[in-house]
Each structure stands twice: as structure tokens, then as C-alpha cells.
Amino acid sequence: MQNKKTYTVEEAKRALENYCVYQDRCHKEVEEKLAKMGMIPQACEVIILHLMEHNFLNEERFSKSFARGKFRIKKYGKVRITQELKFRNISDYNIKTALKEIDENEYIETLYNLSSQKWESTKESNFYKKKKKVADFLLRKGYESSLIYEALSEYNQS
């Protein structure tokens, strides 16, 4: 049997401070980390409270940086970002706040760029099948269907 490292509350606080400093974290990630460390629920409460009081753990900051990062780096749409944040138990208020971080013009421009790149790279001779493949790709990325069909209306059957 493996000897699992045990932590005092102070050691766990320091470890979690470093964990949160490295990258913004949500409560769910911190709770999972504490569970892996084998901390008891009372200790977890004390540690999470400490992290929040000292601004290591800030759900609003996390959701804003998450939304910016997923949009700019992975080119995710608002639907996908919302789903990912809900999966992390982020409040609706913080999700709305996070989505405001995305510039509307940049969002539309990104959607149009993605659709044209995907259109060019899709090897499908049937026009309707090609349109469906591109639309499905954009839906998986998390863009709203109304915006996708607007973007794809630029392509006419030739």
C-alpha cells in the first residue's frame, strides 16, 4: 500500500495558494484538488474561505479570464463558453459578466473567419453536405445557429 502524503491545514493553504496563483481557478477545481489531497470537509471550508478572503479564489475573475481565453485562443462561441462555465458550477450572474468580456464585432469577425477557413478546407463536392459540415463545425465551436446560418448565407451554390 502506498503512503499518501498528509497535509496540515497550513500546508494545504500554501499549496492551494500556489495552485490559484499559477492560474485562475474556480471553486470546483479547488474542491477537487482538496479532495485529492484527502482534506476533511471542515478543513476544506477553512481553506476555501482563506483563499477567497485573500483574493486567491475569485469566481468573477475566473469566469472573465476563462471566457476571454477560450474565445481568443480556442475560438469558442458564447454557447460553448456558457456550457463550460455551467459545468464548473459558475453562477448565471458571473457567466453574463464573463460574456461581456467578448467584443461583439470581434466575435462576429471571428465567426466569419472560422466559417471561411472551414469552407475552404472542407473537401466535399455536394454543396448542401459541405454547408452542413461547416455549420456542424461552428455549432461544436459553440456559435449561435442564427449567426452561423447568416455567415453561411454568403456561400451560394455555384
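Structure values in brief
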{"item": "Boolean, Ile90 is within 30 Å of His27 (Cα to Cα) and buried (at least 18 other Cβ atoms within 10 Å of the Cβ)", "result": "yes"}
{"item": "Near pairs, Cβ below 7 angstrom, 6+ apart or cross-chain, from the range 93-122 (under 12 Å from Leu147 (Cα atoms)) to any residue that is β-branched (Val, Ile, Thr)", "result": "Ser115/Val134"}
{"item": "Filter pass, Phe137 being loosely packed, with under 13 Cβ neighbours inside 10 Å and over 14 Å from the mean Cα position of the chain (by Cα)", "result": "no"}
{"item": "Scan of the range 140-158 for residues that are more than 29 Å from the chain's Cα centre (by Cα) and either assigned to a helix (DSSP H, G or I) or exposed (fewer than 14 other Cβ atoms within 10 Å of the Cβ) (or both), ordered by number", "result": "Glu154, Asn156, Gln157, Ser158"}
{"item": "Failed condition for Ile47, given (1) surrounded by 20 or more Cβ atoms within 10 Å (Cβ to Cβ); (2) closer than 24 Å to Lys5 by Cβ; (3) within 18 Å of the chain's Cα centre (by Cα); (4) not basic (Lys, Arg)", "result": "(3)"}
{"item": "Residue within the range 66-84 that is outside any helix (DSSP H, G or I), out of contact with any Gly (no Cβ under 9 Å at 6 or more places or on another chain), farther than 25 Å from Arg140 by Cβ and not hydrophobic (A, V, I, L, M, F, W, C) present", "result": "no"}
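Since every read-out is calculated from the coordinates, none of them should be taken as a lab result. Computed from a predicted model, the values in this text were never measured in an experiment. Cβ atoms come from the backbone with ideal geometry, glycine included; neighbour counts cover every protein chain shown.
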